[in-house]
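Okay, so here's the structure we're looking at.
The values are calculated or read from the model by the stated rules, or taken from the named source; none is laboratory data. Because the structure is a prediction, the values reported are computed rather than measured. With ideal geometry, Cβ positions are generated from the backbone for all residues, glycine too; neighbour counts draw on all protein chains shown.
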Amino acid sequence: MPDYFMRGWRTAAVLLLWTVCAPVHAQAWDVDRLMQQLAGIPEGQVNYTERKYSALLSKPAVSSGVLSFHRPDSVEKEMRTPNKERYAIAGDEVVVARNGAERRYALASQPALAALAASLRGVLLGDQALLRRYFKMELQGDERAWRLALEPLDASVARYVTRVSVTGSAGRIQSIDTEEASGDHSLLQVQ
Amino acid sequence: MAERRQSRPRFTHSAARYGVALACLCALALAAWKSLRIETDFGAFLPRSSTLEQRLLISQLREGVVSRLMLIALDGADEQKLAQASRDLTERLNGAPGFDYASNGSLERFLEQGEVLMRNRYALSPAVTPDRFTPPALRAALEEQLAQLASPMGMLARNVMARDPTGEFLAVLRELDSGGVPALRGGVWFSADGKRVFILAQTRAAGFDSQGQAQAMRTVRELATQAAPGVNLSLTGPGVFAAEARRLIEHDARLLSLCSAGFILALMLFAYRSPLAVLLVALPVAFGLLAGMLLVQAVFGSVHALTVAFAATLLGEAVDYPNYLLLNAAPGEPLSGAAQRIGRTLALAVLTTVASALALAMSGFQGLAQLGVLTMSGILVAGLATRWLLPWLLREAPAVPRHRLPSLTAAPGLKWASAAVLVMLIGAAAWTVLAGRGPWEEDLVALSPAPPGLRELDARLRADMGAAEAGVFVASAGASAEAALAEAERIRPLLERWKSDHWIRAYDSPASLLPARDTQLRRLAALPEPATLEAELRTALRGLPFRPDAFTPFVRDVATARGQTPVSRASYDGTPFGAKLRAQLIELDGQWLALTPLSGVTDTAQLAQAAERQGGSASRLIDLKRISTRMVDGYRDDALRQTGLGALIILTLLAAGLRSPARVLRVTAPAAAGLAATAAVLMLAGVKLSVFHLVALLLVLGVGLNYALFFERPPHGAEERGRTRLSLAVCALSTIATFGFMSLSSAPVLHAIGATVALGALLCLGFSALWSPSASHTDTPAS
């Protein structure tokens, strides 16, 4: 009991301090600051590994490839193993190239698709307005080790995606974990 | 200006006679009130049809899926708000009474409604063959599912993966996707510019059930104010047309009838200065109207609301006869004597008008036939009442105040000038016709009583939505529903070929939802036994990272499917597919037709030829537009023939009645001139002549002949000439006012008929006055 009490008290104290100090401390760690940092990193590409955890699988399905992003709004996920696939989000559509065929989908056609694209674009390019359009954002941790939780605002998105958690340090993203309504989740780690 | 000779007509006859007449009138009114069944089905204004294609067209227009579709558009808010409004309204409409279903393009909505497809996927998917469940095929399917799992797009298919690893549900959905739907934004249908969302709803009420459609529109409006206050709502579709047209016509008919009745009443009061005289004028008209309505009810089993609306036109014509009698009788002259004196002219006027309405009564449009019967019987009764009832009621003619009328200075020059103007008009009209602008309206849709504003809105929304008019389809016939479907399935390879040749963009076969029974049984028989499938699945799973029991739901579903009965129409009851099938699989004259709409047809003639070459097939290419054009042409030809017959009867009547070729010429010339001038003016004004204009021109002929006859009767002295002139002025004013008011209507039918007759009556009066012998006397008018 006292333990709980103590913890609760400490949290309250921290919160109080934080509120009091925030206006004074211009560089306080909050979503605005995180987005500024993400927006400040140069365009480029990173290698990634993705693990898909599913009730259908006895062990996670692993894939890897290259994630590249260019301002103002293009993000490309190129899977190299085990299959060669490419997902290029640019403008208001996503181009999917797999099995030697290329298909185009309008992002706006399905809210879940639009939200997924927004989570990638918003985080990689630091576009706060885009993220806010689809998600409720909650930032935890501090500048050195932060965790941004995105929860879909729209029920038609939440049918498929329940939460996207992004971790990182300052302007560097470490992982993106997408949790699905089916109970599956896929963890993308940046190397 | 006016002076009364006698204070009032004498009631020398017993009031009992008036009592009898009024009692008869009341009895008729009661009979009418008790027995009249007012019908509002706008299908009555579609032509009767003879060939299978024509009956198909009419049944499609009346009850087909196209006629039941209501297109709902929302705009006037931002994209997000519109998408939300679309979802809310669709949700509410799907539970609303009066609607089969509503869809807004949303995938979730479709998946919910598509549960029946998921349940029956093994009977419906064309990919189901015995090879589909061998270890190598299963292996390939599972590898594909693994790739799907790893891909971000796989999320959408994840829900059914364990039940359907071979992707049969997706195969069924692909089968059903006929393309041509508008763009999706926020998961719902949007216009290309993102400013408008669309919802398609299928009403329970048939398209021409204007009352049911009006109720459905009210439901949508109410639900929209609840779901999305502040968002603009537009509704369109054939049903909306019918409901709007009815509302407009009822409103206009009531208002304009009141206006013209009021005007005529005022005119009568001004002319007679005696309420009794006005009552006497009203009696034959009332008898005519009631008798006409009762006869229409007896002949057709109901009276169409439009027919009632048109009753006003009868009013404008029938009122001429009592006026002509009362105004022609000398003050104090026994009315029976006056009736005898003008009897022959009156009889001819009545009979020629009846003959002119004959073409109407014989029309293939049931609505027009009703108008014809109403006019013929109404005019006849009004004429009889004028000739016999009025003299019976009133012994002496009432004193009519004298009115100073402007003298028609019919100088011979004016006569020739009018003839020259007529020739010029006809010449100019003939020239526009020869210059290639056909004078006829060929589009059945243009005969629609819907206001043009609504038709424009409809065209704009349809273009916005990328939904063309459903016009071309293949009709596959069979002795039973099953046989028709089998035929529809049989021609699919041909349709596929047309598709790959880009002759059509897509087709929407009812056989996708309801494959032939044999086809379904063959697919279900291809499913392996549970033990076999389990063994083969185990082989296929070897080395893949799936859990061994991951696809147990799949094995269970296949086992269930093996015991299933084939999908029937009943399987789709209560779903949008059920409603769709009801529209695409119809029974007509004891045979069944499966309809496969084609979209994106590049060249109809080319398709028709290709279909022809198939030869001996029970499937036929149907082009609704072409059929309807041909039908409209056919009806116009009929109408012209009937008009010709009417004209012939009129000439015979005149020849028999006037007994002098010169007099026949004197009577027919001004009426024919008025008719020709009216038609010429309409053509020069760029009006395309429709069946409704023909009707109106017939009325003009009737009115014109009346004037010419009244003018032609050789007058005895200036006194009588003055009375003739007064009676004609009153008759013409009442006709022109009645139809003039009607031309103010925004309903195209009422406007067309009103404007044509008002113009025609004026022109006929002018020609009669200028060309008739009584007008060429230049002595002083009655003063």
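Scan the range B:713-743 residue by residue and report those that are β-branched (Val, Ile, Thr) and touching a Leu at 6+ places or on another chain (Cβ under 7 Å).
The answer is B:Val730, B:Ile736, B:Thr738.
So B:Gln211 ticks every box in (1) away from chain A (no Cβ under 14 Å); (2) at pLDDT 80 or above; (3) over 30 Å from B:Phe741 (Cα atoms); (4) out of contact with any Lys or Arg (no Cβ under 7 Å at 6 or more places or on another chain) but one. Which box is left unticked?
(3)
Taking A:Ala55 and the conditions (1) in contact (Cβ under 8 Å) with a residue 24 or more places away in the chain; (2) farther than 27 Å from B:Glu143 by Cα, which numbered condition does it fall short on, given that it satisfies the others?
If we test A:Ala55 against (1) in contact (Cβ under 8 Å) with a residue 24 or more places away in the chain; (2) farther than 27 Å from B:Glu143 by Cα, just (2) comes out false.
Among (1) under 21 Å from A:Arg86 (Cα atoms); (2) free of Cβ contacts under 8 Å to residues at least 40 places away in the same chain, there is one condition B:Leu170 misses while meeting the rest; what is its number?
(1)
For the range B:122-141, indicate whether the set of residues that are touching a residue at least 24 places away in the same chain (Cβ under 8 Å), within 14 Å of another protein chain (Cβ to nearest Cβ) and on the phi > 0 side of the Ramachandran plot is non-empty.
No - not one qualifying residue is present in the range B:122-141.
Checking the condition in contact (Cβ under 8 Å) with a residue 24 or more places away in the chain and within 16 Å of the chain's Cα centre (by Cα), which residue from A:Leu113, A:Leu124 passes?
A:Leu124
Residues in the range B:737-783 that are crowded, with 22+ Cβ neighbours inside 10 Å and either at pLDDT 85 or above or within 25 Å of the chain's Cα centre (by Cα) (or both): how many?
23
Considering the range B:245-281 alone, what residues qualify as being touching a Pro at 6+ places or on another chain (Cβ under 9 Å), in contact (Cβ under 8 Å) with a residue 40 or more places away in the chain and surrounded by fewer than 21 Cβ atoms within 10 Å (Cβ to Cβ)?
Matches in the range B:245-281: B:Leu248, B:Arg273, B:Leu276.
Count, please, the residues in the range B:113-125 that happen to be at pLDDT below 90 and over 18 Å from B:Ala162 (Cα atoms).
Residues that pass the stated criteria total 1.
Looking at (1) more than 24 Å from B:Ser568 (Cβ to Cβ); (2) more than 32 Å from the chain's Cα centre (by Cα), which is the only condition B:Val472 fails?
(2)
Only one of these is among the acidic types (Asp, Glu), touching a residue at least 12 places away in the same chain (Cβ under 8 Å) and surrounded by fewer than 17 Cβ atoms within 10 Å (Cβ to Cβ): B:Asp623, B:Asp603. Name it.
B:Asp603
Only one of (1) at pLDDT 85 or above; (2) of a type outside the set (D, E, K, R); (3) buried (at least 19 other Cβ atoms within 10 Å of the Cβ); (4) in a helix (DSSP H, G or I) fails for B:Leu57. Which number is that?
(1)
Just give me the residues in the range B:363-405 being modelled with pLDDT of 80 or more, closer than 23 Å to B:Tyr635 by Cβ and of a type outside the set (Ser, Thr, Tyr), in sequence order.
Hits for the range B:363-405 are B:Ala369, B:Gln370, B:Leu371, B:Gly372, B:Val373, B:Leu374, B:Met376.
Of all the helices (runs of 4 or more DSSP H) wholly in the range A:28-145, which have at least 3 residues that are away from chain B (no Cβ under 14 Å), touching a His at 6+ places or on another chain (Cβ under 7 Å) and within 30 Å of B:Thr552 (Cβ to Cβ)?
none
If B:Ala330 satisfies every condition in (1) of a type in the set (A, V, I, L, M); (2) surrounded by fewer than 20 Cβ atoms within 10 Å (Cβ to Cβ); (3) assigned to a helix (DSSP H, G or I) but one, which is the exception?
Unmet for B:Ala330, out of (1) of a type in the set (A, V, I, L, M); (2) surrounded by fewer than 20 Cβ atoms within 10 Å (Cβ to Cβ); (3) assigned to a helix (DSSP H, G or I): (3).
Being within 12 Å of chain A (Cβ to nearest Cβ) and over 54 Å from the mean Cα position of the chain (by Cα) is the filter here, so list the residues in the range B:539-563 that pass it.
Residues satisfying the conditions are B:Leu541, B:Gly543, B:Leu544, B:Pro545, B:Phe546, B:Arg547, B:Pro548, B:Asp549, B:Ala550, B:Phe551, B:Thr552.
Taking the criterion of being of a type in the set (Val, Ile, Thr) and outside any helix (DSSP H, G or I), would at least one residue in the range B:218-231 satisfy it? Reasoning before the result, please.
At the first step, the residues of the range B:218-231 found to be of a type in the set (Val, Ile, Thr) are B:219-220, B:225, B:231.
Now drop any that are not outside any helix (DSSP H, G or I), which leaves B:231.
For the range B:218-231, residues of a type in the set (Val, Ile, Thr) and outside any helix (DSSP H, G or I): present.
Among the residues of the range B:559-600, write down those that are assigned to a strand (DSSP E or B), touching a Phe, Trp or Tyr at 6+ places or on another chain (Cβ under 8 Å) and surrounded by 20 or more Cβ atoms within 10 Å (Cβ to Cβ).
Those that are assigned to a strand (DSSP E or B), touching a Phe, Trp or Tyr at 6+ places or on another chain (Cβ under 8 Å) and surrounded by 20 or more Cβ atoms within 10 Å (Cβ to Cβ): B:Leu585, B:Ile586, B:Leu595, B:Thr596, B:Pro597, B:Leu598.
Find the residue count for the range B:161-193, including only residues that are modelled with pLDDT under 80 and more than 23 Å from B:Thr596 (Cα to Cα).
The qualifying residues number 6.
Need the failing condition index for B:Glu529 against (1) away from chain A (no Cβ under 14 Å); (2) free of Cβ contacts under 8 Å to residues at least 24 places away in the same chain, just the number.
With respect to (1) away from chain A (no Cβ under 14 Å); (2) free of Cβ contacts under 8 Å to residues at least 24 places away in the same chain, B:Glu529 is out only on (2).
For the range B:441-481, enumerate the residues that are at pLDDT 70 or above, surrounded by fewer than 16 Cβ atoms within 10 Å (Cβ to Cβ) and either of a type in the set (Ser, Thr, Tyr) or over 30 Å from B:Gly194 (Cβ atoms) (or both).
B:Ala479, B:Ser480
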